[in-house]
Ligand SMILES: Nc1ncnc2c1ncn2[C@@H]1O[C@H](COP(=O)(O)OP(=O)(O)O)[C@@H](O)[C@H]1O
Ligand SMILES: [Mg+2]
């Protein structure tokens, strides 16, 4: 039996590099009070940055929803990044390391997945992409 509560949430735009910096900083600041360690903060911020950069670089910009959660006495931080860009046609390829259609290293999606506890990605070609990452304390 799960009873998940959302303690607070905030929707933030993702259009520019400044927006990405702002999302990173807010994510970090929300992880301080629940006593996430510096390592946990850094992992979440790194994963968040990768998804945000993808939304800006490949998705034409979008938005991020930041959520502080509570479930069965534990605290979670969730970031949902979405865009209305071209979407991802071949998900297996996009998720695999070293695949990039841009100038990247192709480690963003796989790396982000390894840094968090929950990772969900949905994409529809022509409609856009939604990626949700969660880290539990
Ligand atoms: N939001 C997105 N919209 C469209 N395509 C994306 C999106 N995110 C990732 N991709 C595709 O998946 C590939 C792999 O992404 P990623 O692992 O972050 O590596 P990189 O950003 O270095 O290319 C990208 O090169 C791009 O083709
Ligand atoms: Mg990337």
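Laid out as a table, the results:
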| read-out | value |
| --- | --- |
| Extended-chain gain in nm, criterion 0.36 nm per residue less alpha-carbon gap, residue 46 and residue 70 | 6.4 nm |
| Per-residue Cβ neighbour rank within 10 angstrom, fewest leading, 121, 20 | 121, 20 |
| Kirkwood Rh, Cα atoms: Rg over Rh of region 57-137 | 1.01 |
| Dimensionless Rg ratio for region 34-82, taking C-alpha atoms and the 2.2 N^0.38 Å reference | 1.29 |
| Rounded to 10°, Cα long-axis angle of helix 38-57 versus longest principal axis of the chain | 30 degrees |
| Unit Cα scatterers, Debye sum, the chain: log10 I(q)/I(0) for q = 0.09, 0.12, 0.21 Å⁻¹ | -0.25, -0.44, -1.27 |
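FYI, it's all coordinate maths here, none of it is from the lab. Please read all numbers here as calculations on a predicted model, not as lab measurements. Cβ coordinates were reconstructed from backbone atoms using ideal geometry, including for glycine residues, and neighbour counts include every protein chain displayed.
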